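The values are calculated or read from the model by the stated rules, or taken from the named source; none is laboratory data. A quick note: this is a predicted structure, and the numbers were derived from the prediction, not measured. As a convention, Cβ positions derive from the backbone with ideal geometry for all residues, glycine included, and neighbour counts pool all protein chains shown. To get the accessible areas, we keep the full protein, side chains included, count just its heavy atoms, and leave off ligands, DNA and RNA. Shrake-Rupley method; radii C 1.70, N 1.55, O 1.52, S 1.80 Å.
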Amino acid sequence: MNAREKILNAIAANQPEAVPLPVIDKDTVISYNDVGMQFNTMLESIGGKAVCIQDLQVLKESVNADKATGKFIVNTIEALGEVDEYVSSLSAAQLEKLEKAYIKGTVGVAENGAVWIYESQMLNRLVPFICQHLVLVIDKKDIVPTMHHAYAKIDTAQEGFGVFIAGPSKTADIEQSLVIGAHGARSATVYIIE
Amino acid sequence: MAKHAALSEKFIADEPRTDWHDETLWFVRQKRDKAAHGLPGWEQLRELASQIKNHTLSNLEKYLRQFEQQAKANGITVHWAADGDEHNKIIHDIIRKHNIEKIVKSKSMLTEECHLNEYLLHQGIEVVDTDLGERIVQFRKEPPSHIVLPAIHLKKQDVSETFHKYLQTEKGNNDPQYLTEAARQHLRDKFIQSELAITGVNFAVAETGGFVVCTNEGNADMGAHTAAVHIACMGFEKIIPKAEHLAVFLRLLARSATGQAITTYSSHFLKARRGQEMHIVIVDNGRSKQLGRKDFRNSLKCIRCAACFNTCPVYRRSGGHSYHTAVAGPLGSIINPNMDMKANADLPFASTLCGSCSNVCPVKIDIHEQLWKWRQVVVAEGYVDASKKTGMRGMAYILAKPGMYRFAGKMGRWVMRTFPFMINNKLNAWYKQREMPEVPKQSFRDWYLKNRGK
Ligand code: SF4
């Protein structure tokens, strides 16, 4: 008998009598008067930055200004100008000098400041992690109160990879002192389009 | 092997450091309280999580088969390992097949449990741990002392010395910011060169065949999205039925662990990226046996948040290494006797049974009751050393006889008042490190009978 059969048989023999699966009632969990405000507060509390904008003009200018510095900047959002499709095939060594990435998110979560990004939105799985500075863009209408609502809006089986990102990379492994910028982005800014 | 009491003695020899350790973990516990109490519906959320896990355990075979089928359909190779040795061999085979030399690993308590690093080192293969805390203890050739905060037993001076030795940082520069930056640069090189990334799994979803890995540092992603091969290792209890259940567990996990509302990264892996190869190793290593132990199977609901560690008065004052196992703390004390009862017979006694662990556990495991039940089991199986056994037998005898209990109590109070040195002496191991409380003149029962019992 191979390991698989052995394990599954032992589990079948030892598992307790069936008990039902509870139902999650989204309507009984926390609600916020202003999810946008809650999202901003949470994001700022975890070291991120929230910027509310009326239209894309400031963002377009920001992308252009960043690119003009000559640093390695990646834009993955069509509405902001030319999309840097070529990054999809870049290796880690080629992405190592990535200074800043602009990525569109699908959902923002008010209770924790997280933003969901699909693989197709980041073009290359490494981009949101290897960049020094991360810029995420979400529509205000896509901010939901809790993770329960977030999972109702996304489909985790739709693409090969997806991630909730909440603020910049951090660690407190040295004497519990919080340090921002462990291995991932040193800063995380979320633009919220009103 | 040195036992918990003896190892604790070593730890508490440095009193200021013990106090610091105690206070630091208590601080983490307080952050957890703030996050939990700040979230309306926290108790319902715990109840929901507990019920989902109960349901999952009662349908585990079905969900594991479903997960395997889905994962395979997503192009992932699924392996099964009956024990740690099989787990290590599966990984070694993949390494050999691809002729891999550069390996990075993010935090996985399972690989610690299976002693993967030692096994591979024996074959001449080096694995670089990439979680900052794990890298620190790896340099120092120590095991992690905590499942979430691996280097919590160390002070920044210790880290500074270690990094000075291995990463050539400035001598005496103890600034955590500076030290973290040094590790960032050092590990970026390792990530860029990595050919194989090993990660743990926080949750595996039966419905989709996908799995979720949570980190604050981003190290799991830096490795997994760089390397040509990704191996994710999981104990079979990581399974949950559906993606919507992730909401429940992600809301609980970070709040219970560190008081954060969520970890920085919650990465959902479903398929390998183009040109990449992805493997999942599903490990038993005693878990199916634990599933069959009615009194202890609940331990398989654990989501490894370590809230029970941070709150435990014994853990905080004895340090993770005193538990002499990969997983320490109250959780370790209820899972390790199942794996090796003889070697770990001391662990269920490393507790005051105060119940604080069960109170904070996000999936409502009856941890302190299991500790109490393990004590009966290890005593019944003859794994308890003589001094403890004599005491326990005597206690059981007295507790079984109310009259005897009352008489012994009276005698005890009289002896403590009249001849305190009979208690306060070197022969009484319990008295070490403790001051005897002032002896009450009356027992509670006498007081109750006199004042309320009429
Ligand atoms: S036993 Fe409960 S409190 Fe302890 S690590 Fe597991 S889930 Fe967390």
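Some notes on this structure:
- Only one entry of B:73, B:82, B:36, B:49 meets the criterion of being surrounded by 14 or more Cβ atoms within 10 Å (Cβ to Cβ), more than 10 Å from chain A (Cβ to nearest Cβ) and among the aliphatic types (A, V, I, L, M), and that entry is B:36.
- All conditions in (1) within 14 Å of chain A (Cβ to nearest Cβ); (2) open to solvent by less than 10 Å² (accessible area, probe 1.4 Å); (3) near the ligand (Cβ under 10 Å from one of its atoms) hold for residue B:307, with the sole exception of (1).
- Cβ-Cβ contacts under 8 Å between residues 6 or more apart (or on different chains), taken from a first residue in segment B:139-164 that is farther than 13 Å from residue B:21 by Cα to a second residue that is hydroxyl-bearing (Ser, Thr, Tyr), are listed as B:139/B:162; B:139/B:166; B:140/B:162; B:148/B:258; B:160/B:169; B:163/B:169.
- Yes/no for residue B:10 being open to solvent by 30 Å² or more (accessible area, probe 1.4 Å), assigned to a helix (DSSP H, G or I), under 25 Å from residue B:329 (Cβ atoms) and modelled with pLDDT under 95: yes
- In segment B:229-248, the condition of being in contact with a helix residue (DSSP H, G or I) (Cβ under 7 Å, 6 or more places away or on another chain), at the interface with another protein chain (Cβ under 7 Å from one of its Cβ atoms) and closer than 30 Å to residue A:96 by Cα is met by no residue.
- Failed criterion for residue B:233 (all others in (1) open to solvent by less than 10 Å² (accessible area, probe 1.4 Å); (2) within 16 Å of the ligand (Cβ to nearest atom) hold): (2)
- Checked against (1) more than 30 Å from residue B:260 (Cβ to Cβ); (2) aromatic (Phe, Trp, Tyr); (3) free of Cβ contacts under 8 Å to residues at least 24 places away in the same chain, residue B:80 meets all criteria but (3).
- The number of residues in segment B:237-262 that are touching a strand residue (DSSP E or B) at 6+ places or on another chain (Cβ under 7 Å), surrounded by fewer than 24 Cβ atoms within 10 Å (Cβ to Cβ) and over 19 Å from residue B:50 (Cβ atoms) comes to 1.
- Scan of segment B:271-287 for residues that are crowded, with 24+ Cβ neighbours inside 10 Å and within 7 Å of chain A (Cβ to nearest Cβ), ordered by number: B:284
- Scanning segment B:179-189 for residues being open to solvent by less than 70 Å² (accessible area, probe 1.4 Å) and either hydrophobic (A, V, I, L, M, F, W, C) or more than 8 Å from chain A (Cβ to nearest Cβ) (or both) gives a total of 5.
- The listed residues are B:167, B:154, and the only one of them that is among the aliphatic types (A, V, I, L, M) and surrounded by fewer than 16 Cβ atoms within 10 Å (Cβ to Cβ) turns out to be B:167.
- Segment A:75-94, subset in contact with a Phe, Trp or Tyr (Cβ under 7 Å, 6 or more places away or on another chain) and not in a loop (DSSP other than H, G, I, E, B), residue surrounded by the most Cβ atoms within 10 Å (Cβ to Cβ): A:75
- Some residue of segment A:126-134 being of a type in the set (A, V, I, L, M, F, W, C) and at positive phi: no
- Residues located in segment B:120-135, provided they are closer than 24 Å to residue B:254 by Cα and in contact (Cβ under 8 Å) with a residue 40 or more places away in the chain: B:130, B:131, B:132, B:135
- Residue count, segment A:157-175 (criterion: among the polar types (S, T, N, Q) and open to solvent by 20 Å² or more (accessible area, probe 1.4 Å)): 1
- Only a single item in (1) of a type outside the set (Val, Ile, Thr); (2) facing another protein chain (nearest Cβ under 8 Å); (3) touching a Cys at 6+ places or on another chain (Cβ under 7 Å) is not met by residue A:194, and it is number (2).
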